[in-house]
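The values are calculated or read from the model by the stated rules, or taken from the named source; none is laboratory data. Just so it is clear, the model here is predicted, and its values are computed rather than measured. Cβ placement follows ideal geometry from the backbone for every residue including glycine, while neighbour counts extend to all protein chains displayed. These accessible areas exclude ligands, DNA and RNA; they are computed on the full protein's heavy atoms, side chains included. Shrake-Rupley method; radii C 1.70, N 1.55, O 1.52, S 1.80 Å.
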Protein chains: 2
Amino acid sequence: MRIGELSRRTGVAVPTIKYYVREGLLPAGRLTSPNQADYDETHERRLRLVRGLIEVGGLSVSAVREVLAAVEDTDRPVHKVLGSAHESLTPPHAVGGAELAGAREAVAALVARRGWQTAPDGAAGEALAGALATLRGLGHGGFEEVLDAYADACERIATADLTYVGRAPDVERLVEGVVVGTVIGDAVLSAMRRLAHTDASARRYGAADD
Amino acid sequence: MRIGELSRRTGVAVPTIKYYVREGLLPAGRLTSPNQADYDETHERRLRLVRGLIEVGGLSVSAVREVLAAVEDTDRPVHKVLGSAHESLTPPHAVGGAELAGAREAVAALVARRGWQTAPDGAAGEALAGALATLRGLGHGGFEEVLDAYADACERIATADLTYVGRAPDVERLVEGVVVGTVIGDAVLSAMRRLAHTDASARRYGAADD
DNA sequence: CCATCATAGATAGTCCCACTATCAGATAGC
DNA sequence: GCTATCTGATAGTGGGACTATCTATGATGG
């Protein structure tokens, strides 16, 4: 198909598609003449993925580029690819402050307590420590008391995610599943948590009138 | 204290503080003379909250303004205040597409199935529907099979959140707890989910070497 | 009392990001 | 031939979050 149809099918403007090609988010079409290029379903699929990551996942263009780079090289061992895809999916949280050291300890303690086989000083652990440090700085350090309930929930979710993702027919789909599951899954989880909040709050504070 | 000390204590640059005052995120200091104003701990607390919402929560300045407006008027019934705080915390997801209708039905079915007392067409429900529609468009509609595992986890988390937040000494703290819990809690949950993923993935795909 | 410093308030500027517009030259398809 | 569409390139736009500069004024310390 030509770029116009690709645009029509995905709802992405033609100049935007060209922009994504320039930015390396999308491979260029196969040139059939100096001013005609052919795009196929892989382009369409990739373009939908890019839009999903940007719109629903809230990723920046450069973050998408990094993630896709990890998806790309399927030569490396699977868990390495997953790992780097995962790392680049975790936004860097440059949160400083006096509380950070204590928060890091809390993270390490949590990881040890749960017996998680993961490095507490990776991107995810740092992000968690940053969030906890912020909570402490806001006088909400007591929030950490419910951390184990969160951990229970996360174990449950991770198991469900793996179950879904494990059904992938090949490595490429597997990695794509991880990316989608992580990014869009975050959005799903966040939205659903709000629904559950509303429900729990309605039960507790009795909003029977509306 | 004067603006310089407020800046030193919070690590926020003086012009940025002024900018926040202009934008209505922070009340102005009490003028003691035409060119001197006095700031107290409430300013410091608010400023830390603003920074947390922006840095860790990833909220925009205008989103912070909306949220704070909801926090502000504590005259209204508690559950209304919580509701509007909550609504303004949910980013609008303008995801269109053919899949949206089906995704909305899936959300409604989920809400009915779980017996949640919440409107499936509120901001959170729409966000969830948008995410599900995106998944469908990416060929990951099968993800919806694990939705109930997510729902289990969310119920657990919501209960924990309510437990924490219910300890607030007054209405203002309660609402602030909801805001912080929702926004920073999202970051906590997202980071922790990644940790759990790494663990689950290590167990499954055996990354004993690193 | 005077030099130096910090401050309020106002306005303008900067930087980055994600697009979007406009062109020139070249087909595609009728 | 004629018109719609395309490639590839460059320049421009609009929004967001600060940041710099300036003036007039007052605080502070020797």
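A compact table of results
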item	result
Test: residue in region B:86-94 that is open to solvent by 50 Å² or more (accessible area, probe 1.4 Å), under 24 Å from the mean Cα position of the chain (by Cα) and within 12 Å of DNA strand C (Cβ to nearest atom)	yes
Residue in region B:129-137 that is outside any helix (DSSP H, G or I), more than 21 Å from the chain's Cα centre (by Cα) and crowded, with 20+ Cβ neighbours inside 10 Å present	no
Top-ranked residue of region B:164-210 - restricted to ones that are open to solvent by 70 Å² or more (accessible area, probe 1.4 Å) and part of a helix (DSSP H, G or I), ranked as farthest from B:Asp73 (Cα to Cα)	B:Tyr205
Some residue of region A:58-70 being at the interface with chain B (Cβ under 10 Å from one of its Cβ atoms) and farther than 25 Å from A:Asp170 by Cα	yes
A:Arg104 vs. criteria open to solvent by 30 Å² or more (accessible area, probe 1.4 Å) and within 23 Å of B:Arg51 (Cα to Cα)	yes
Residue in region B:150-158 that is open to solvent by 20 Å² or more (accessible area, probe 1.4 Å), among the basic types (Lys, Arg), within 7 Å of chain A (Cβ to nearest Cβ) and in a helix (DSSP H, G or I) present	yes
Where B:Leu82 falls short, out of the listed (1) within 18 Å of B:Gly185 (Cα to Cα); (2) of a type in the set (A, V, I, L, M, F, W, C); (3) within 16 Å of DNA strand D (Cβ to nearest atom)	(3)
Out of A:Val165, A:Val111, A:Val107, A:Val95, sole residue that is under 27 Å from B:Thr134 (Cα atoms) and aliphatic (A, V, I, L, M)	A:Val165
Top-ranked residue in region B:16-42 [being at negative phi and within 21 Å of the chain's Cα centre (by Cα); ranked as farthest from DNA strand D (Cβ to nearest atom)]	B:Leu26
Selected residue (only one of B:Thr10, B:Thr42 is out of contact with any Asp or Glu (no Cβ under 9 Å at 6 or more places or on another chain), of a type in the set (S, T, N, Q) and within 14 Å of another protein chain (Cβ to nearest Cβ))	B:Thr42
Lone unmet requirement of (1) facing chain A (nearest Cβ under 7 Å); (2) touching a helix residue (DSSP H, G or I) at 6+ places or on another chain (Cβ under 6 Å) for B:Ala129	(1)
Test: residue in region B:110-125 that is within 16 Å of DNA strand C (Cβ to nearest atom), within 11 Å of another protein chain (Cβ to nearest Cβ) and open to solvent by less than 50 Å² (accessible area, probe 1.4 Å)	no
Filter result for the condition that a residue is among the basic types (Lys, Arg) and closer than 30 Å to B:Gly142 by Cα, over A:Arg173, A:Arg104, A:Arg113	A:Arg173
Selection status of B:Glu66, acidic (Asp, Glu), without any contact (Cβ under 8 Å) to a residue 60 or more places away in the chain and open to solvent by 60 Å² or more (accessible area, probe 1.4 Å)	yes
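The rows are residues; the columns are (1) of a type in the set (A, V, I, L, M); (2) open to solvent by 40 Å² or more (accessible area, probe 1.4 Å).
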{"site": "A:Glu5", "(1), (2)": "no, yes"}
{"site": "A:Ile17", "(1), (2)": "yes, no"}
{"site": "A:Leu31", "(1), (2)": "yes, yes"}
{"site": "A:Pro34", "(1), (2)": "no, yes"}
{"site": "A:Gly52", "(1), (2)": "no, no"}
{"site": "A:Leu59", "(1), (2)": "yes, no"}
